[in-house]
Amino acid sequence: AGEALLRAAVEARQAELALLTGHPIEIREDAALPVRATVRFAWVHGTPTHAIVHRPLPAAELPHVLMAQLEQIARDHEARRAGKARALVADPRTRRIAQAALARYAKQLGKRGVPEAKVRAILDQLVDGVLQQLVSSVLEMLVEYRLYRSRPELRPSQFVSLHASQVQNRATLGNAAVHAQMPPAIVRASLAMNAAFALFEDWLLAPRTRYADAYRE
């Protein structure tokens, strides 16, 4: 019964936002998706519909994951209506500073025989990845806070879904192979943002979790 109620709540929110934004919302599963879920806004991709794509997920987690993506659509729509929609990008000066911080890593790649053009592309990809994590982490905190406050019926699904994310993040924390392949500056930045999200969840779900303890060292 609980799953049916949550499924109905997701469907109701889906219909509500389709009417509000003027674009139907398609939800589909993709086993090859590299992240748990993503949303593709109609106004960004020039399509008639928004698309929410998710990996196969446990039934207990799925309502929260879908509702969080729906709230991303709502948040973006609100920002556009208020004239405050922004895209955070690295300007040339910031990119140069970031690449200078990765100079040692770039030299290591060069010694391995990686062509200079490929090295630049790798550095750009690393910088863009950290920037995307920064943006998404902040927006996800806002969405999770909004969901927790406005949809108490969703909290059990939200709890198990956020826990699954923390388990995944902690696996990265302890993965020496991943750390060895990445520049230390990138690893530190990514772990710092994961730690910030862990602190946020501990605050939101207090006193039931202590996710930030894993990052104390």
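Residues in segment 102-113 that are open to solvent by less than 80 Å² (accessible area, probe 1.4 Å) and either of a type in the set (Phe, Trp, Tyr) or closer than 17 Å to PRO184 by Cβ (or both): LEU102, ALA103, TYR105, ALA106, LEU109. Scanning segment 179-205 for residues that are more than 15 Å from the chain's Cα centre (by Cα) and modelled with pLDDT of 95 or more yields LEU199, ASP202, TRP203, LEU204, LEU205. Picking from residues in segment 131-147 that are hydrophobic (A, V, I, L, M, F, W, C) and touching a residue at least 60 places away in the same chain (Cβ under 8 Å), the one that is farthest from ILE186 (Cα to Cα) is LEU147. Highlighted here are the strands (runs of 3 or more DSSP E) found entirely within segment 1-91 that include at least 1 residues which are exposed (fewer than 12 other Cβ atoms within 10 Å of the Cβ): 25-29. Is it the case that GLU116 is free of Cβ contacts under 8 Å to residues at least 24 places away in the same chain, open to solvent by 40 Å² or more (accessible area, probe 1.4 Å), at negative phi and not polar (S, T, N, Q)? Taking the combined requirement at face value, the residue satisfies it. Which number in (1) small (Gly, Ala, Ser); (2) at pLDDT below 90; (3) part of a helix (DSSP H, G or I); (4) open to solvent by 40 Å² or more (accessible area, probe 1.4 Å) marks the one condition that ALA98 misses? Going through the list (1) small (Gly, Ala, Ser); (2) at pLDDT below 90; (3) part of a helix (DSSP H, G or I); (4) open to solvent by 40 Å² or more (accessible area, probe 1.4 Å), ALA98 breaks only (4).
The values are calculated or read from the model by the stated rules, or taken from the named source; none is laboratory data. Not measured: the values here are computed from a predicted model. Neighbour counts are summed over all protein chains in view; Cβ atoms, including those assigned to glycine, are modelled from backbone coordinates with ideal geometry. Side chains included, ligands, DNA and RNA excluded: accessible areas come from the protein's heavy atoms. Shrake-Rupley method; radii C 1.70, N 1.55, O 1.52, S 1.80 Å.
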